[in-house]
1. Given a Förster distance of 30 Å, report the FRET efficiency between Met79 and Leu117 from their Cβ-Cβ distance, rounded to the nearest 0.05.
2. For segment 69-129, rounded, prolate or oblate, judged on the Cα gyration tensor with a ≥ b ≥ c (square roots of eigenvalues), a/c < 1.5 rounded, else prolate if a/b > b/c?
3. Pairs of lysines 8 or more apart, or on different chains, with alpha carbons under 21 Å: count those in segment 29-129, would you?
4. Between Asp124 and Asp95, what is 0.36 nm times their sequence separation minus the Cα-Cα distance? Round to one decimal in nm.
5. Could you compute the FRET efficiency for Met54 and Met1, with r as their C-beta to C-beta distance and R0 at 25 Å, rounded to 0.05?
6. Explain nothing, just the number: relative contact order of the chain, from Cα pairs under 8 Å at least 6 residues apart, as a whole percent.
7. Nearest 500 deg cm²/dmol is fine: what mean residue ellipticity at 222 nm does the chain get from its DSSP H runs of n ≥ 4 alone, each adding -39,500 (n - 2.57), divided by its residue count?
8. For a quick protection proxy, order the peptides 16-24, 98-106 by their average other-Cβ count within 10 Å, most packed first.
Amino acid sequence: MKVAIIAANGNMFDAYKVFNIATAAAATDAEVGIFFTFEGLNLIHKEAHKALPMPEGTEHFQEGFQKANVPAVDELVGMANDMGVKMIACQMTMDVMSLEKEQFIDGIDVGGAVTFLTFAKDADVTLTF
């Protein structure tokens, strides 16, 4: 199976959605690729992914995450990386936001929409968050 994910949003809930699906799919030996664009780049930014905001009015979920032993976002990012999830940072968005590859976690690729489309063209599942 092949799973293609577009991560275009960058809060805590988005991170959990993206990395929960990505790691679950990778655990089933699926080939997984995530294209991070616009605010979604926060999910792989070295500093930003450690302090993602909770959507307003949902702060009470943080306690639930802890009680349920849900890994922190930075742990999920590391798990995805260790499991071989292909992570592509959008070059255009990086250029617009004056970001450099060194500002992101190790192990990512940088590419444009064509890079992701080449990966996603024969995906069994395609998701956008």
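1. On the way: r = 26 Å, r/R0 = 0.87.
The pair Met79/Leu117 has a calculated efficiency of 0.70.
2. Details: a/c = 2.00, a/b = 1.13, b/c = 1.78.
The shape class here is oblate.
3. Numbers: Lys46/Lys86; Lys46/Lys101; Lys50/Lys67; Lys50/Lys86; Lys50/Lys101; Lys86/Lys101; Lys86/Lys121.
Lysine pairs satisfying the spacing and distance rule in segment 29-129 number 7.
4. Values: separation 29, 0.36 × 29 = 10.44 nm, distance 3.05 nm.
Residue separation times 0.36 nm, minus the Cα-Cα distance, leaves 7.4 nm.
5. Numbers: r = 32 Å, r/R0 = 1.26.
For Met54 and Met1, the calculated efficiency is 0.20.
6. Numbers: 202 pairs, mean separation 50.1, N = 129.
For the chain, the relative contact order is 39 percent.
7. Working: 5 runs with 47 residues, N = 129.
Roughly -10500 deg cm²/dmol at 222 nm, from the helical runs in the chain.
8. Details: 16-24: 19.8, 98-106: 12.8.
Result, highest mean Cβ count within 10 Å first: 16-24, 98-106.
The values are calculated or read from the model by the stated rules, or taken from the named source; none is laboratory data. Remember, predicted model here, so these are calculated numbers, not experimental data. Note that we place each Cβ from the backbone using ideal geometry, even for glycine, and neighbour counts take in every protein chain shown. Surface accessibility is based on the protein's heavy atoms, side chains included, excluding ligands, DNA and RNA. Shrake-Rupley method; radii C 1.70, N 1.55, O 1.52, S 1.80 Å.
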